[in-house]
1. Nearest 5 is fine: what % of DSSP beta bridges in the chain come out antiparallel, could you say?
2. Rank Gly259, Ala191, Leu292 by how far each Cα sits towards the positive end of the charge dipole of the stretch 190-293 (+1 on Lys, Arg Cβ; -1 on Asp, Glu Cβ) and give me just the farthest.
3. For the stretch 181-198, take each phi angle, set θ = phi - 60°, evaluate the Karplus expression 6.51 cos²θ - 1.76 cosθ + 1.60, and give the result in whole Hz per residue in order, putting x for glycine and proline.
4. Quick one: putting +1 on the C-beta of Lys and Arg, -1 on the C-beta of Asp and Glu, what dipole do you get for the stretch 166-267 around its Cα centre, in Debye to the nearest 20?
5. Arg65 to Ala331: FRET efficiency via 1/(1 + (r/R0)^6), r the Cβ-Cβ distance, R0 56 Å, to the nearest 0.05?
6. Between helix 120-129 and the chain, what is the angle of the helix's C-alpha long axis to the longest principal axis, kept within 0 to 90° and rounded to the nearest 10?
7. Any chance you could give the angle, 0 to 90 degrees and rounded to 10, that helix 146-163 forms with the longest Cα principal axis of the chain?
8. Cross-link candidates for Lys301: which lysines have Cα within less than 26 Å, leaving aside residues fewer than 8 places away along the same chain?
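Every read-out reported here was derived from the displayed coordinates using simple, explicitly stated rules and does not represent laboratory data. In this text, all values refer to a predicted model and were calculated from it rather than measured experimentally. Here the Cβ positions follow ideal geometry from the backbone for every residue, glycine too, while neighbour counts run over all protein chains shown.
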Amino acid sequence: MPGNSVVRPALTVPGAAVDDEARHPVEPRQGTLTHSWVERDQAVVWHGFTQMSTYASNAPIIVERGEGRELIDVDGNRYLDAISSLWVTTLGHAVPELDDALRSQIDRIAHSTLLGNGNRITIEFAEALAPRLPMDRPHLLFASDGAAAVEQAIKIAFQFWTNQGISGRTKYLAFGGAYHGDTIGSLSIGAGGFGTSVFDPLRFPVLRAPGFDSPDAISGAISLIEEHAGELAAVVVEPLVQGAAGMQMRPASEFAALGRACVEHDVLLICDEVAVGFGRTGTLFASEQCGLTPDLMAVGKGITGGYLAMSATAANDRVYSAFLGADLSEATLYHGHSYSGNALAAAVGLRHLELIDEWDVMANVSARAGQLDGLLTARVAKLSGVAAVRQHGLMVGIELAPPTEGLRWGRRVSAACVAAGVLIRPLGDVVVIMAPLTITATEIERIVDVMADAIVSVTS
Ligand SMILES: Cc1ncc(COP(=O)(O)O)c(C=O)c1O
């Protein structure tokens, strides 16, 4: 494609070992500007989930700007952002309507604290978001990252019981393969992996149901709820799709029984919709198609369309009410972040919600998901190097089947896609496609064409 003749290997995979570069080399030929920016980058920036000693040799893209669903690097090369910038971008990059919302809010105020005071645009945003959440009269506690939203949810669940004088509700039930973020609390609820085992001594123990790769995931969780209800503060689940586990999925129809078990045994249900929320799976929130009405919900990533760092923990009326009491009383939730409810993020989040309706974005998600399903079935699923293709809405995991370890198929297939101008990032040997919600039919074709060619070139 024009302006994209460079060969670029994929970005570093979380937890991927620095392995047999020599046997399976990828030869980065970075443009002049990229080369010097990578040097400057490496001198001062520490990238998350990235081994910095090999950062430069993995030929990272240095993005200068975005246009629609494309990223443009400092050398002018264009990349179709098929991972929605790590699952945050919904409508695209440099969306004029979102840019305008940001600009007009800047003329008013960028930020004022939500601790003990309010901000007009944050109220307007919460008023618009709350009725869309599949919950009973939610109240929103804003934070900045998904992990913080989960952390807030698990703390709220704990204090919900103590506020009512109920002791012993100190445990959490979570799933194998779960990923809820990188703070110590969210890491504890998560199942580990991604190179995070060094932190295992810091993780508090949780009850662990099977992962979504097991048909017993939900029934196993229900048995544990029945057995341990009196000790459980909450059950934490990623409805429909465990993204970071390699896009492991359960059918929507299985989840209602989990919700019923929580109600029957009076255990709080926390739905972590940080990854699946804001349209990714075909409904605005995955809980909707799962028939779940969570007590607490964590949202983040797409909440501002991928523009600004914002997340939120939504608590239903029952949970919220348990925190009401006298001024300065112990019933208060003594938790809150400096940038909670940031006004710029709220302004963009509000306009983003309006645009989802004005543009009928969910209709596009449905059409493009159907198209993607057909193309992946016809062109990718049957390839000999592919073990499985998993998809819910626009969330896709293509599990590769390397015959031996150390072949780095995930990374190399992604590298080949990036070389062809489609930005892809794998989770181990699962190659992820997470297209923006406004992706076009032509762009879907391009992603699948590039992906199929990349898989064939690496695996045959
Ligand atoms: C389900 C889920 N929860 C929480 C998080 C953490 O979000 P953040 O990276 O914004 O802290 C992620 C990130 O991928 C996620 O997939």
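1. On the way: 33 of 48 bridges.
Taking every DSSP beta bridge within the chain, about 70 percent pair in antiparallel fashion.
2. The Cα lying farthest towards the positive end belongs to Ala191.
3. Values per residue, Gly and Pro as x: x, 10, 6, 4, x, 5, 5, 5, 5, x, 8, x, x, 6, x, 8, 5, 4 Hz.
4. Working: 6 positive and 11 negative charges, 33 e Å.
Computed charge dipole of the stretch 166-267: roughly 160 debye.
5. Working: r = 48 Å, r/R0 = 0.86.
Approximately 0.70, to the nearest 0.05.
6. 80
7. 20
8. Leaving aside lysines fewer than 8 places away in the same chain, those within reach of Lys301 are Lys155.
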